[in-house]
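Undergrad: Below is the structure I would like to discuss, written out as structure tokens.
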Amino acid sequence: MRAGTVVLASGALERGIAYDGNDRPGTMLAGAAQAYVTRYGVKPGTRATIFANNDSGYEAAVRLHEAGIAIAAIADPRPEAALSGDHPQRARAAGVTILPGSAIVRAHGGLRVTGIDLASLAGGATRRIDCDLVCVSGGWNPAVHLYSQSRGKLRYDDALATFVPDASPQSIVAAGAANGKIDLSAVLADGHDAGLATAARLGFAARTPLSAPATAAVPTGPLQALWSVPSRHGAKCFVDWQNDVTVADIALAAREGYRSVEHLKRYTTLGMGTDQGKTANIVGLALLAAELGVSIPRVGTTTFRPPYTPVTMGALAGHEVGANVEPTRHSDMHDWHIEHGARMLNAGLWKRPHSYPRPGESEDEAANREAKNVRSNVGAVDVSTLGKIELQGRDVAEFLNRVYINRWDTLGVGRCRYGVMLRDDGMVFDDGTTSRLAESHYLMTTTTLNAVNVMQHLEYLLQVEWPELEVFATSVTEQWAAAALAGPKARQVLSELVSIDVSNAAFPFLAVGECELVAGGARIPARLFRMSYSGELAYEIHVPATHGRAMWQAVLAAGEAFGIMPYGTEAMSTLRIEKGHVVVGPEADGRTTADDLGMGKLVSPTKWCIGKPLLARPALTAPERWQLVGLTAIDGTIPRGGKLVADPGQATPIPMLGHISSWCWSPNVDGSIGLALLERGRARHGETLWAVSPLADARVKVRVGPPCFIDPEGERLRV
Amino acid sequence: MSESTDTSIGSTAPGHYGAAGSLVFLSEATIATAWNVQGSADSSPMRAEVQRIAGVELPSAPNTTSQGAGVVALWLGPQSWLLVAADAAAFGNFAGARDALNAAGGALFDVSASRIAYVIEGPRAVDVLAAGCPLDFDPRLFGAGQCRQSLYGRVPAMFYRQATTPACTVLVARSFARDTWHSLCTAAAPYGYTVRAASRFT
């Protein structure tokens, strides 16, 4: 909600007076005692002494008296002449003892107040009065917290001895007690006027005269500021009951040189905590002013901090609980996956199929079956979640040359290429493919998890670094539903589906083209890409997302005769580990360069790109850097998150040679394999090391080799 | 949008849901074609091409829209607009239009399937919108022909007001649409709401 004007009618808070023993149970503000009696019907004591420097304490006295509480006396520092207001006169008429010019100098009692000593403000003998309730009123402070938090300025009002709203840079109006009106009739009138004036200013004229509650003004005597009564015994006189700050603490702070009210607060804790000084602050800063010999306005107030009052976590959380904590993203094939028994997992905000377990099959067994089927027959995986960014403009090739390590000005229309992006510091940022769809129209894919980051990166570069480049970018992740079709029989499946020749000659590895896909009699416009993540003969099919499910079902129907199976992210991960394809996160973990990951030769020597200058740092070319290797378990299973050591029997600390970044059971190798980042890794092929995990209490002997377990020559994807 | 025990909340089937009465009406507005135009707002060749292709003038003022025959152009940014049409054939062939925009120094992207649009109508429409979005939906401040980009819940959303009624159209990315629909229904349930059959985006 955006308000044109805010009217703050936040009321006023009563303040106390510091005196010896004012922390004894049975001591409370006069307004609190009055509320017990009039609002809750509770007697807070049987015999009360009232200590007030203003007329509101008398109103409380009368109410308590009417409720059957004996009023022992009203101690008032003011002279008799100041007690002409209505409430003092009513108290007097009720027979209450009033002692002008006096103050409480000490309270007696331990677990409960038992009595007080009264004395003249001028000094002299004390007089003991027995009571079990002391009601104190030192005046009222407008609740200016919200006003002040919205940058409203305050002004010191001598008559009220407190700060009241003065001027706000925003359209904020304080009304009633919050505006320094203490008498009820003035409060009602001020609120009524503020409401009408605000409505009129915002263009809402009151059509008929509004009736509002009103009451006659109560004649009131002036308040006489009184902040504390010195103890005659050097005892504690509390200013801030929540933080146990005494008059002596404030005097000490001033002597120590904490002259600013903000320093006073930090030195003494005055006004901290949940109470935020509601009762204590004005008294505390008035005492500081007295210690410093300056006026109260010169001392000023501390910053009023939100929240005004403790706020529940539920109010802060609002609707964002349970399923609403984070939104969920669904691909257009989501429902199909659910209907076909997929076990879903979270990939960022996306839900993706982990695997499609058949009855009686575990998730791991399902993933192994799916991964094996891709290498022997053909499989299909939903890759709609991949980040997709389209680029157009005269300078796209130059732009790609600058953001990728490899060259792009040589990419022809109808072709795609794998690319790696670096951060400024030379570490691998993201990888993916970019296809040239038309003369100046390109499609970039990013990893699922980095889609937003890459888009932000590109937009930043185009808007801030190179505004002279004519390149326009837009995210089309949501536009295209995508499936990868992978396996030796992928072409046979595809040729049943599409309108174009997909023979190796007509549509070779890394070809890109547009076609129509026949799905249940309908013809769906599609983009076809011959690229492979699994290392098999593979294609990616992109269709407008509205056709995603139809395309997916058509692919699976066409593949049925060839033994097609849908596969999930687990099988996809197994297939890529078998091929040693790196992933952002496990391998490209923000600490690895392209060379560490075995892609050093991709860095074009003939052009500049982001991150390239810093690749020449000595530390990034040191021979002892950790490099990507493949691991094969000699016996046992490579432990999750394991480390590589030469000899686990060595005395600790055992030097760590590297860590395992990815691991799986490979149904195609028929063994436990993994990828690792290993010190001088490429020079260690053939060595035997130990994969250890103290957490899993595992030690497994592994053989180091190249990070590729299937078809190292890459023949299968080119057939 | 706290969790409701009423499992019918979130259904897309036309009908009445939630509390008795019906102070909110929800429906999908189907988008057949949505093209993202990019280029310099000062480029008259590009503007002329857009006018020729889509029959609409690109709005220059932030957060405004302009109408053509069966097409709306929404301002997305200083050099980005969304042309939306309910008719699949509204703009003709994409590749030809893209090439023409490229030649004029601009760009054209087909994002027809990227967004889902929902229409929120009825006397408490503003309350449903306010439940998920910090924007001020008071019609005096967010009037006819204006659009705004913000969030609904935690989902990036674009809001568009065709007329000075409490009705408002919200566009969200396709993958988030299911979540947003559920959020809208949950916010509308206390007022009672009616799901209407999908209509064409206007």
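Readers should treat all values here as calculations from the given coordinates under stated rules, not as data from a laboratory. Computed from a prediction, not measured in an experiment: that's the story for all the values here. FYI the Cβ positions are ideal-geometry reconstructions off the backbone, even for glycines, and counts take in every protein chain you see.
Undergrad: How much length, in nm to one decimal, is gained on full extension between A:ASP424 and A:ASP166, taken as 0.36 nm per residue of separation minus their Cα-Cα distance? Don't jump to the answer; show the numbers that get you there.
TA: Values: separation 258, 0.36 × 258 = 92.88 nm, distance 5.25 nm.
Here the segment from A:ASP424 to A:ASP166 would lengthen by 87.6 nm.
Undergrad: With the crude spin-label approximation of a point 7 Å out along Cα→Cβ, what separation in nm comes out for A:GLU560 versus A:THR46?
TA: 9.3 nm
Undergrad: In whole angstrom, note down how far apart the Cα centers of segment A:187-242 and segment A:434-490 are.
TA: 63 Å
Undergrad: Over chain A, what is the relative contact order in percent, taking alpha-carbon pairs closer than 8 angstrom and at least six residues apart? Mind dumping the intermediate values first?
TA: Details: 1567 pairs, mean separation 69.9, N = 719.
So the answer I get is 10 percent.
Undergrad: Which of rounded, prolate, oblate describes segment A:601-689, given a ≥ b ≥ c as roots of the alpha-carbon gyration tensor eigenvalues and a/c under 1.5 marking rounded, otherwise prolate only if a/b is larger than b/c?
TA: It is oblate, given that a/c is not under 1.5 and a/b is not larger than b/c.
Undergrad: What is segment B:55-155's relative contact order, in percent, from Cα pairs under 8 angstrom and six or more apart in sequence? Walk me through the numbers before you get to the answer.
TA: Working: 109 pairs, mean separation 20.3, N = 101.
RCO, segment B:55-155: 20 percent.
Undergrad: Give the order of A:MET531, A:MET313, A:MET421 when sorted by the count of other beta carbons within 10 angstrom, beginning with the fewest.
TA: Exposure proxy ranking, most exposed first: A:MET313, A:MET531, A:MET421.
Undergrad: A further question on this structure: When DSSP beta bridges are limited to those with both residues in the protein assembly as shown, what percentage is antiparallel, rounded to the nearest 5? Mind showing how you got there, number by number?
TA: Details: 151 of 180 bridges.
For the protein assembly as shown, the DSSP antiparallel bridge percentage is about 85.
Undergrad: Sticking with this structure for a sec: Which residues among segment A:430-458 fall inside the zone where the amide N is under 19 Å from a point 7 Å beyond the Cα of A:LEU614, along Cα→Cβ?
TA: From segment A:430-458, the list is A:430-431, A:453-458.
Undergrad: Kindly state, to the nearest 0.05, the FRET efficiency for B:ALA32 paired with A:HIS659, given R0 = 56 Å and r defined as their beta-carbon distance. Kindly include the intermediate steps, with their values, before the conclusion.
TA: Working: r = 52 Å, r/R0 = 0.93.
So, using R0 = 56 Å, E works out to roughly 0.60.
Undergrad: Less than 19 Å apart at the alpha-carbon level, and either on another chain or at least 8 residues along: which lysines does that give for A:LYS265?
TA: A:LYS236, A:LYS278
Undergrad: Between segment A:95-143 and segment A:386-410, how far is it from one alpha carbon centroid to the other, in angstrom?
TA: About 83 Å separates the Cα centre of segment A:95-143 from the one of segment A:386-410.
Undergrad: Same structure, new question: Within straight cross-link reach of A:LYS351, meaning Cα distance under 12 Å, which aspartates and glutamates are found once same-chain residues fewer than 8 apart are removed?
TA: A:ASP332, A:ASP335, A:ASP382
Undergrad: With a ≥ b ≥ c taken as the square roots of the eigenvalues of the C-alpha gyration tensor of chain A, please select rounded if a/c is under 1.5 and otherwise prolate if a/b is larger than b/c or oblate if it is not?
TA: Working: a/c = 3.14, a/b = 2.51, b/c = 1.25.
Judged from the Cα gyration tensor, chain A comes out prolate (a/c at least 1.5, a/b above b/c).
Undergrad: With 10 angstrom as the radius, rank A:ARG232, A:ARG90 by how many other C-beta atoms surround their C-beta, starting from the fewest.
TA: In increasing order of surrounding Cβ atoms, one gets A:ARG232, A:ARG90.
Undergrad: Excluding A:ALA696 itself, what net charge comes from residues whose Cβ is under 14 Å from its Cβ, given Lys and Arg +1 and Asp and Glu -1? Walk me through the intermediate numbers first.
TA: Numbers: positive: A:ARG640, A:LYS643, A:ARG699; negative: A:ASP697.
Overall, the nearby charge balance is +2.
Undergrad: Moving on to the next point. Any idea how far the Cα center of segment A:526-577 sits from the one of segment B:162-202, in Å?
TA: The distance from the Cα centre of segment A:526-577 to that of segment B:162-202 comes to 34 Å.
Undergrad: Follow-up question, since we're still on this one. Between A:GLN89 and A:ARG232, what's the calculated FRET efficiency when r is the beta-carbon distance and R0 is 22 Å? Round to 0.05.
TA: 0.10
Undergrad: While we're on this one: So which trypsin sites (Lys or Arg not before Pro) in segment A:576-621 are both in a DSSP loop and have at most 13 other Cβ atoms within 10 Å of their Cβ? It would help to have the intermediate numbers written out before the result.
TA: Working: sites: A:ARG576, A:LYS579, A:ARG591, A:LYS601, A:LYS607; in loops: A:ARG591, A:LYS607.
Listed in order of number, the matching sites are A:ARG591.
Undergrad: Same structure, new question: If the label point is 7 Å along Cα→Cβ of A:ASP335, which residues in segment B:169-199 have backbone nitrogen under 18 Å from it?
TA: B:174-183, B:185, B:195-199
Undergrad: To the nearest 0.05, how large is the calculated FRET efficiency for A:ALA3 and A:THR303 if R₀ is 30 Å and r is the Cβ-Cβ distance? Show your work: numbers first, answer last.
TA: On the way: r = 23 Å, r/R0 = 0.76.
According to the calculation, E is roughly 0.85.
Undergrad: What distance in nm lies between label points placed 7 Å from Cα along the C-beta direction at B:SER11 and A:ALA70?
TA: About 7.2 nm separates the two model spin labels.
Undergrad: Note down the net charge around A:GLN170, summing +1 for each Lys or Arg and -1 for each Asp or Glu among other residues with Cβ under 13 Å from its Cβ. Before the final figure, lay out the partial values.
TA: Details: positive: A:ARG2, A:ARG151, A:LYS153; negative: none.
Its environment carries a net charge of +3.
Undergrad: Can you give me the distance in nm between label points at B:ASN63 and B:ARG140, each placed 7 Å from the Cα along the Cα-to-Cβ direction?
TA: Calculated label separation equals 1.6 nm.
Undergrad: Next question. Remind me, relative contact order of segment A:623-719 in percent, using alpha carbon pairs under 8 angstrom and six or more residues apart?
TA: So the answer I get is 38 percent.
Undergrad: Can you tell me how much longer the chain between A:LYS607 and A:SER503 gets when fully stretched, taken as 0.36 nm per residue apart minus their C-alpha distance, in nm with one decimal?
TA: 33.9 nm
Undergrad: Could you work out the local net charge near A:LEU631, counting Lys and Arg as +1, Asp and Glu as -1, over the other residues with Cβ closer than 11 Å to its Cβ?
TA: Details: positive: A:ARG684, A:LYS701, A:ARG703; negative: A:GLU687.
Neighbour charge sum, excluding A:LEU631 itself: +2.
Undergrad: To make sure I understand, if each residue's beta carbon is the centre and we count other beta carbons within 10 Å, what order do A:PHE399, A:PHE472 fall in, fewest to most?
TA: Ranking A:PHE399, A:PHE472 by Cβ neighbours within 10 Å, fewest first, gives A:PHE399, A:PHE472.
Undergrad: While we're here: When the chain is fully extended, how far beyond the present Cα-Cα distance does A:VAL311 get from A:VAL518, taking 0.36 nm per residue of separation?
TA: Length gained between A:VAL311 and A:VAL518: 68.6 nm.
Undergrad: Moving on. Put +1 on the Cβ of each Lys and Arg and -1 on the Cβ of each Asp and Glu in the protein assembly as shown; which of A:THR279, B:GLY77, A:PRO165 then has its Cα farthest toward the positive end of the dipole?
TA: Looking along the dipole axis, the top candidate is A:THR279.
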